[in-house]
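Here the structure is laid out as structure tokens; the discussion comes afterwards.
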Amino acid sequence: MSITIENLNKQFGSYKALDNINLEVNSGELLALLGPSGCGKTSLLRIIGGLELADSGKLLFHGEDVEQRDARERNVGFVFQHYALFRHMSVFENVAFGLRVKPKKERHNEAEIKRRVHELLNLVQLDWLHDRYPAQLSGGQRQRIALARALAVEPKILLLDEPFGALDAQVRKELRRWLRRLHDELHITSIFVTHDQEEALEVADRVVVMNKGKIEQIGTPDEVYAAPATPFVYQFIGNVNLFHSRDHAPWTQQHGDAVAYVRPHDIEISQLAQDNTSLPVEVKLVRAIGSIVRVEVAVDGSSEFIEIELSRERFDTAPLTNGDKAFIRPRQFRVFETGVQNELSAA
Amino acid sequence: MSRFRAHSVLPSFNLALGFTLLYLSLIVLIPLSALFFKTATLGWGGFWDVITGDRVVASLRVTFLTSFIAALINAFFGLIVAWVLVRYTFPGKRIVDALVDLPFALPTAVAGITLAALYAPNGWMGQYFAAHDIKVAYTPTGIVVALTFIGLPFVVRTVQPVLADVEAEVEEAAASLGAGRWAVFSRVIFPAIYPALLTGFALAFARAIGEYGSVIFIAGNMPYISEIAPLLIVAKLEQYDYAGATAIAVVMLLLSFALLLALNALQWWTSRRGAR
């Protein structure tokens, strides 16, 4: 089911949590809402789920206005960061909950409920835990049960609020791959909220980058990484070096007061100047991390470090050590005028 | 024995247990056993005569019945008060929160006199009841009013922290799964707070059984109708019938103990079935 959001606003006191949001979620896609904490991503998710009301704007499911509909009437599955399982119920009863509270005439008989719950528990590969209580499960298992519980009512839309936020790194990685596979199997329109860029880029079909209640960019993981639309996206996703036009005029050329954004792996470093735009630097620190080598350099007479990433292969053809003089030149960069930059860094 | 001496990081089990036993003996066990010893001077026949006296039986019935009703009322309305205090923010919330403890702090006699004045047929509130031919003060109803007053904090204060522990997210999860308000309450919230509610009920009930100060002012103290057992004990003491007084006390003690034990067992049983 597709979701359409038009001119959505939400204010908490004097704080604008959502500022004129417009978003189209395609049917069957897995969308990530990515942004720093307090950017409004969770508020947006909760409004879609009917747990909160927007101040103004439109919210349509498959072209149908659902704003007046209660959470229980929206047929939306919601997964919370801290699982929100029912502590006094067994795993089986947790998953069966949605089926048991259906109105009498829609309710399945006990045998059918049992069949469905076991089917869902098999789907999340935890059927062997069906008679345990939530307190006896690990965090990863709890979140999978929470997901099974949300899927029990056959929702048309699945909303996940930082689903892996409370888990440790290893389990997190495993679970997000598992979520992706599960989504490929079920094809439910899904939105998940995260502040972890790696998670968003790895799992989602499309990523919505948010900041301060506004959408900065919507695009595929590749687009938001390779072609960031705003300085904020540049800085939030991946590492970036900033070169101000005051200091490095040749790179920002025609623009007046501007800043060039360059990814660490888009900088070339060599012992000889290639042309007159090359910047003389001194190597400050060389660190080999697995397959890449990270070199930190400083422009002569400046205390600011510039980060460069090279493949180990490339590095070995012309090794550098601390204190070496070298020249750097960007292979690829993007210039934003300072006016824009100021507005964003102030935000 | 070795089972109890297992290594533990908690310090000095022996000392702590010894102190606990000594303390409980001094504060609880010795006075209570003195009660039994004094009663024993009556002999079985004398004891039986005292406790089966019509007036004694009637007063015990009044005490336990009014206490039970008051505890039930408190369980219901105390739950609502706790709910409001936990789930909502409103101006003056802290004042309301503090008001709940007032029955703890107020001398019970003051509460009794105040309630009696309010609910007397010519009192502030009593006049409206009187207009409908309902008598509150100087009847068992008045006793229930007084006992409800003094028992309220017990339910609110035991339920409140447990309710606060049930995250709002759990309710939201239930709602998004299609549960209506009643289903959310009966299937999600109530099972979680039920043990605490039962504890609050038991405490309010036990407190009401022993209550004297506030009740005697509002009860009217008519034998067989609105006379409570503690008053009868005081009456016997005033007649220097110490053994008779302790005999009633022993019966109250045993009944209360049996009831509290039953409530505890019920709670233990339900918590074993539920959250582990």
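The values are calculated or read from the model by the stated rules, or taken from the named source; none is laboratory data. A quick note: this is a predicted structure, and the numbers were derived from the prediction, not measured. With ideal geometry, Cβ positions are generated from the backbone for all residues, glycine too; neighbour counts draw on all protein chains shown.
Looking at B:Pro161, B:Pro195, which is the one that is part of a helix (DSSP H, G or I) and within 14 Å of another protein chain (Cβ to nearest Cβ)?
Going through B:Pro161, B:Pro195 in turn, just one is part of a helix (DSSP H, G or I) and within 14 Å of another protein chain (Cβ to nearest Cβ): B:Pro195.
Within segment A:148-170, the residues that satisfy the criterion of being in contact (Cβ under 8 Å) with a residue 24 or more places away in the chain, out of contact with any Ser or Thr (no Cβ under 8 Å at 6 or more places or on another chain) and away from chain B (no Cβ under 14 Å) are A:Leu167, A:Asp168. Counted as qualifying within segment A:138-257 are the strands (runs of 3 or more DSSP E) with 1 or more residues that are modelled with pLDDT of 90 or more and under 22 Å from A:Leu45 (Cβ atoms), namely A:157-161, A:189-194, A:206-211, A:214-219. Of the strands (runs of 3 or more DSSP E) that lie entirely inside segment A:282-347, those containing 1 or more residues that are at pLDDT below 85 and touching a His at 6+ places or on another chain (Cβ under 9 Å) span A:292-299, A:334-337.
Can you give me the number of residues within segment A:111-129 that are modelled with pLDDT under 90 and surrounded by fewer than 19 Cβ atoms within 10 Å (Cβ to Cβ)? Selection size over segment A:111-129: 2.
Once segment A:60-118 is narrowed to residues that are in contact with a Pro (Cβ under 6 Å, 6 or more places away or on another chain) and β-branched (Val, Ile, Thr), the residue that is nearest to the other protein chains (Cβ to nearest Cβ) is A:Val76.
Could you run through segment B:207-265 and say how many residues are touching a residue at least 24 places away in the same chain (Cβ under 8 Å) and at positive phi? Result for segment B:207-265: 2.
When you scan segment B:87-94, do you find a residue that is modelled with pLDDT of 90 or more, assigned to a helix (DSSP H, G or I) and not polar (S, T, N, Q), even just one? Among the residues of segment B:87-94, at least one is modelled with pLDDT of 90 or more, assigned to a helix (DSSP H, G or I) and not polar (S, T, N, Q), which makes the answer yes. Restricting segment A:16-47 to residues that are in contact (Cβ under 8 Å) with a residue 40 or more places away in the chain and among the acidic types (Asp, Glu) leaves a set whose member that is nearest to the other protein chains (Cβ to nearest Cβ) is A:Glu29. For segment A:97-137, the set of residues classified as assigned to a helix (DSSP H, G or I) and either in contact with a His (Cβ under 8 Å, 6 or more places away or on another chain) or closer than 17 Å to B:Ala175 by Cα (or both) consists of A:Phe97, A:Gly98, A:Leu99, A:Arg100, A:Arg116, A:Val117, A:His118, A:Leu121, A:Asp127, listed by residue number. Filtering segment A:60-96 to residues that are crowded, with 24+ Cβ neighbours inside 10 Å and outside any loop (DSSP other than H, G, I, E, B) leaves A:Val76, A:Gly77, A:Phe78, A:Val79, A:Val91, A:Asn94, A:Val95.
Considering only residues of segment B:175-186 that are part of a helix (DSSP H, G or I) and within 7 Å of another protein chain (Cβ to nearest Cβ), which is surrounded by the fewest Cβ atoms within 10 Å (Cβ to Cβ)? Ranking the qualifying residues of segment B:175-186, first place goes to B:Ala183.
The conditions of being modelled with pLDDT under 90 and exposed (fewer than 11 other Cβ atoms within 10 Å of the Cβ) are met by B:Leu10.
For segment A:23-59, a residue qualifies if it is part of a loop (DSSP other than H, G, I, E, B) and loosely packed, with under 14 Cβ neighbours inside 10 Å, and the qualifying residues are A:Asn26, A:Ser27, A:Pro36, A:Ser37, A:Leu53, A:Asp55.
For B:Arg207, state whether it is part of a helix (DSSP H, G or I), closer than 19 Å to B:Pro140 by Cβ and touching a helix residue (DSSP H, G or I) at 6+ places or on another chain (Cβ under 9 Å). Answer is yes for this residue.
Can you tell me which of A:Gly13, A:Gly57, A:Gly50 is at positive phi, out of contact with any Cys (no Cβ under 6 Å at 6 or more places or on another chain) and away from chain B (no Cβ under 14 Å)?
Matching residue, one of A:Gly13, A:Gly57, A:Gly50: A:Gly57.
Could you please let me know if B:Val145 is within 17 Å of the chain's Cα centre (by Cα) and among the β-branched types (Val, Ile, Thr)? Judged against the criteria, B:Val145 is a match.
Looking at the structure I just gave you, is A:Asp266 loosely packed, with under 14 Cβ neighbours inside 10 Å and among the acidic types (Asp, Glu)? So A:Asp266 does not fit the description; no. Condition check for B:Ala117 on (1) out of contact with any helix residue (DSSP H, G or I) (no Cβ under 6 Å at 6 or more places or on another chain); (2) surrounded by fewer than 14 Cβ atoms within 10 Å (Cβ to Cβ): one failure, at (2). Checked against the criterion of being in contact with a helix residue (DSSP H, G or I) (Cβ under 9 Å, 6 or more places away or on another chain) and basic (Lys, Arg), the candidates A:Lys41, A:Lys102, A:Lys114, A:Lys58 yield just one match: A:Lys114.
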